[in-house]
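Novice: One structure, as structure tokens, below. Some questions next.
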Amino acid sequence: AGYAVWRGIADFVLDQTIGTETWGSGARFGVHAAAHEQVYWYATNSCAADMPCQSEGNRAELLRRFQGWHAPIEAIIAATDESHIIRNDIYDRAPLRSWCDGRVALLGDAAHATTPNLGQGACLALEDGVVLAKRLAQGFAAAPVDIAAALHAYETQRIARTTAIQRRSRRLGQISQLQHPWICGARNMIAHRIPKAMLERQMRWLFEPDLEVK
């Protein structure tokens, strides 16, 4: 996808309970409060795939990359043990046109692996499981039993939503990883002017999926 992500857990007490994500030029830093006076955080940076980590180690590299960013970003990185940081390249793939073949069906990442920009990968897998279970129950209740039809109905109900989320997550990643200073300035200005009602409508669409079957 053109960028890598570092993820870590730090012993750190935040003074807010709401997670945040800060955008820079080709980089982002997100942080969320966790249990036991810890925080979960992630950082991205635009780079080629398989670019090796600097010999200084992940923490030192991140402290260098995020030097001067607003508090408490540097303090959170510094509070993270090197062994608690992982780095992965982010990969993307085009949405599949079909998940089913007869009595075989895919679900979760096998069907619709998505970049992590909307935080919906595991959520979509759980939604799949709910709809699949309901559709299979219908298939077993039919006379005669028709599992292939139940799997096709599951795919039909789910594929439009998962495809839309895959594409939105890809676009969000592209926008948030922009690097040209002027383009980043325009992006930030537009983001500040997005109506709250529009954002809330998008969140409702993400977090209130239709899991009913007819």
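The values are calculated or read from the model by the stated rules, or taken from the named source; none is laboratory data. Quick caveat: nothing in here was measured; it's all calculated off a predicted structure. All Cβ positions, glycine included, derive from the backbone under ideal geometry; neighbour counts span all protein chains shown. Each accessible area value is taken on the protein alone, full model and side chains, heavy atoms only, with ligands, DNA and RNA left out. Shrake-Rupley method; radii C 1.70, N 1.55, O 1.52, S 1.80 Å.
Novice: Could you please let me know if LEU136 is more than 22 Å from ARG171 (Cα to Cα) and not acidic (Asp, Glu)?
Specialist: yes
Novice: Output the qualifying pairs, or none if there are none: Cβ atoms under 6 angstrom, residues six or more apart or on different chains, first residue in region 93-115 and more than 21 Å from GLY173 (Cβ to Cβ), second residue surrounded by fewer than 18 Cβ atoms within 10 Å (Cβ to Cβ).
Specialist: Taking only residues 6 or more apart or on different chains, the pairs are TRP99/LEU106; GLY102/ALA148; ARG103/ILE147; ARG103/ALA148.
Novice: With the requirement that a residue be in a helix (DSSP H, G or I), open to solvent by 20 Å² or more (accessible area, probe 1.4 Å) and not aliphatic (A, V, I, L, M), what does region 164-186 give you? Quick ask: steps written out before the conclusion?
Specialist: Taking region 164-186 first, the residues in a helix (DSSP H, G or I) are 164-176, 181-186.
Filter once more, so that each one left must be open to solvent by 20 Å² or more (accessible area, probe 1.4 Å): 164, 167-168, 170-172, 174-175, 181-183, 185-186.
Those that are in a helix (DSSP H, G or I), open to solvent by 20 Å² or more (accessible area, probe 1.4 Å) and not aliphatic (A, V, I, L, M): ARG167, ARG168, ARG170, ARG171, GLN174, PRO181, TRP182, GLY185.
Novice: Please determine whether any residue of region 74-87 is touching a helix residue (DSSP H, G or I) at 6+ places or on another chain (Cβ under 6 Å) and free of Cβ contacts under 8 Å to residues at least 60 places away in the same chain.
Specialist: yes
Novice: Kindly list, by first and then second residue, each pair from a residue in region 195-214 that is touching a residue at least 60 places away in the same chain (Cβ under 8 Å) to a residue that is outside any helix (DSSP H, G or I) and among the polar types (S, T, N, Q), limited to pairs with Cβ atoms under 9 Å and residues at least 6 apart or on different chains.
Specialist: LEU206/GLN120
Novice: Is it fair to say GLU61 is of a type in the set (Asp, Glu), buried (at least 16 other Cβ atoms within 10 Å of the Cβ) and out of contact with any helix residue (DSSP H, G or I) (no Cβ under 9 Å at 6 or more places or on another chain)? Talk me through it step by step, then tell me what you get.
Specialist: On the way: of a type in the set (Asp, Glu): yes; buried (at least 16 other Cβ atoms within 10 Å of the Cβ): yes; out of contact with any helix residue (DSSP H, G or I) (no Cβ under 9 Å at 6 or more places or on another chain): yes.
Taking the combined requirement at face value, the residue satisfies it.
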